[in-house]
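Written out below as structure tokens is the structure these notes cover.
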Amino acid sequence: MAPQDTTYLCLAVFLGQTIWAQKEFPIPTISAASSPVVPWNGSVRILCQGIPEAFLYQLSLMKNSTHTVIEKKLGFQKEAEFIINHMNTTMAGCYQCQYRNKDHWSEHSKPLELVVTGLYNEPVLSTDQSPVLIAGESISFQCSSAHDLFNRFSLAKEGDASLPQHQHEGYQGKFTLGPVNPNFAGNYRCYGWHNSSPYVWSSPSNALELIVTDSKKQGYMVENSIRMSMAGLVLVVLLVILAEDWNSHRISHKEDCQELTAPKWSRHPMMSGAGTHPPHPVHLPQPLDSVHTQVSIGLASGMLSILTAMLGLGLCLSQRINTEKQSLQKPIIWAEPSTRVTKGNAVTIWCKGPQTATHYQLYFEGNFLALGRPKPSRSMTIVNFTIPQMTSHTAGKYTCCYQSGERQSKSSKGLNLIVTGLYDTPNLWVLPGPEVTLGENVTFFCHLETGTSKFFLLKEGRSNHVQHRLGNIKAEFPMGPMTRAHRGTYRCFGSYNDHVWSFPSKPVTLLIPGDVENTSLAPTDPTSLDYWEYNLSAEEESELQKDFAFWDHTAQNLIRIGVACIVLMALVWLLVEDCLSRKRDKEGTNRSPSWEYKRRWRVHRSLEEEQRNAISMRELKATPGPGDI
């Protein structure tokens, strides 16, 4: 056999073995039963799918281009399950699996990347746009952290079973999604990590909910306007047709009446002489059908006026509703338990608005922060946003607004959240002393060794305002002349800005000798001070409900449908009445010849009687009497 033939034969055998091996040993598939983004110390299930003839599966972790076997599963099965109970930085990485059939191992599966989270503080996810989008629009997210200097960021959608595909390099993550479609809707979170440890991520950020509406669906206001315009046009056309028909019917009936009521002169041939009397006009009585027709025309004219008034009322109501809708009232925002929160403690921000609100948006320092869906409460809706740990990065000015249909309300009044416990404790004292007399002047002194630019003095209780003074290490707060309203417990804080304060000073209580002892003047827990807190009184609640007392979409549609039904019923009544009138006119027209014939016969008979009587009288006069013979 020639060497060339031997080469061809070996090549054919090699190709045949390769094809047989690929047929007998397909590449396995590996996947995570849940998300591949696993919290610290969490568990994850890894599935490796092969062939039913496989009797051995193994899971390996690839690091530094080498495979480290993690676990093996023995037994004939098509799919093997591997469980990692405690996820940590050592177990995070790139996983592959393979199976063994007979004496051969299959190829390694495609890699599965598992990420562990919770190793760093969570970043902040924000956007300067509204999270309510129309299909085809785009939105940009920003992910940043003031605690850690990350150089990589990832954006993930909750519920996805794959690793986040949206990643950004830099010290602030910027992500743009779009053009969006309904599949983009959901909650999004971001993570920060370092390129040196690609499988070790931070805790997840706050969630931002993205809402995508259908671009083909127009807003309810546009739809209602179009419907009202079309309905108004149809009504105007119908009214014009009815008016034209009534006008033509009235003209034709008037001509018939003139024809029937025209003077009829009847002269007997034998009365043409000089002795005859001139004929007298005979006036015919007006037929009963004509009366019915005139009444119908009067009713139709009245109904036309009513329809015009009803149509104007409907348009006025619609315009009033749209006007009220265009001026959505501001929501109310407040914080619990207080607007001043010790560092590390939680605080809840509440936002209240009308019952038509579908969702609320929370803004921090003018930037979008969170989206919440309301819970119904009487005639209002309310939603809360929780800050689990108060820090200097979460202290600042908060506002909220709500979405009602396709419109967005104005922003609420600003809510200033203050974090305390960031600096040393200042000292507070009063001169000439804590015991004062009525009319005396006193001065409070607040001192902080570390130095600050602002000092705040406050009196415990809701109804008292906060005083602030500038100073390097000490501030003076003069007060007086003393009245009974000045007595109470005071504390001071040092601060470098309006929202980040120091620990509270020890309390100083002003006393007026001779007053009855009041236990409310005793110092309380500094963490329970309640000032600048929004107190929603019964009067404000009533005023708020009054401001929000405008009609919703259902009321608008019911009013419009009711007006349309009344107008249509009136039109149907007019059409039926018109048909009945035509029918009566037709029957009256058919009866007119017979009635006219009878009338003429009666007139003719009466004239004949008169003529015979006249002839008889002449004959009697012409006959000679007995004296004439």
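Can you tell me how many residues in region 351-369 are under 14 Å from Leu417 (Cβ atoms) and buried (at least 19 other Cβ atoms within 10 Å of the Cβ)? Adding up the residues that qualify gives 5.
Listed here are the strands (runs of 3 or more DSSP E) enclosed by region 473-566 that have at least 2 residues being farther than 27 Å from Leu328 by Cβ, modelled with pLDDT of 50 or more and not β-branched (Val, Ile, Thr): 474-479, 488-497.
The test for being modelled with pLDDT of 90 or more, touching a strand residue (DSSP E or B) at 6+ places or on another chain (Cβ under 9 Å) and open to solvent by less than 50 Å² (accessible area, probe 1.4 Å) does not hold for Val466.
Restricting attention to region 145-204, the residues that are within 20 Å of Thr90 (Cα to Cα) and in contact with a Gly (Cβ under 6 Å, 6 or more places away or on another chain) total 3.
Checked against the criterion of being of a type in the set (Phe, Trp, Tyr) and farther than 24 Å from Lys397 by Cβ, the candidates Phe445, Phe455 yield just one match: Phe445. Look at region 438-458: where a residue is in contact (Cβ under 8 Å) with a residue 60 or more places away in the chain and a partner is surrounded by fewer than 21 Cβ atoms within 10 Å (Cβ to Cβ), sitting 6+ places away or on another chain with Cβ atoms under 6 Å, you get Leu438/Met482; Val442/Val430; Val442/Met479; Val442/Gly480; Phe444/Val430; Phe444/Phe477; Leu458/Val466; Leu458/Tyr531. Take the conditions (1) at pLDDT below 90; (2) not in a strand (DSSP E or B); Gln167 misses just one of them, which is (2).
Right, Asn41: over 30 Å from Tyr191 (Cβ atoms) and out of contact with any strand residue (DSSP E or B) (no Cβ under 8 Å at 6 or more places or on another chain) or not? Here the answer is no, as Asn41 does not meet what is asked. Looking only at region 473-486, residues that are in contact with a Ser or Thr (Cβ under 8 Å, 6 or more places away or on another chain) and open to solvent by 60 Å² or more (accessible area, probe 1.4 Å) come to 3 in all. Criterion applied to Leu155, Leu119, Leu149, Leu163 was being of a type outside the set (Val, Ile, Thr) and buried (at least 19 other Cβ atoms within 10 Å of the Cβ), and the one residue passing it is Leu155.
Inside region 166-186, residues that are buried (at least 18 other Cβ atoms within 10 Å of the Cβ) and closer than 17 Å to Val115 by Cβ make up a count of 2.
The single condition among (1) of a type in the set (A, V, I, L, M, F, W, C); (2) modelled with pLDDT of 50 or more; (3) open to solvent by 90 Å² or more (accessible area, probe 1.4 Å) that Leu56 does not meet is (3). Within region 196-210, if we keep just the residues that are in contact with a Pro (Cβ under 8 Å, 6 or more places away or on another chain) and crowded, with 19+ Cβ neighbours inside 10 Å, the residue that is farthest from Leu149 (Cα to Cα) turns out to be Leu210.
The values are calculated or read from the model by the stated rules, or taken from the named source; none is laboratory data. Note that the coordinates shown come from a computational prediction; the quantities given were computed from them, not determined experimentally. We place every Cβ from the backbone using ideal geometry, glycine too, and count neighbours over all the protein chains shown. Ligands, DNA and RNA are excluded from the accessible area calculation, which covers all protein heavy atoms including side chains. Shrake-Rupley method; radii C 1.70, N 1.55, O 1.52, S 1.80 Å.
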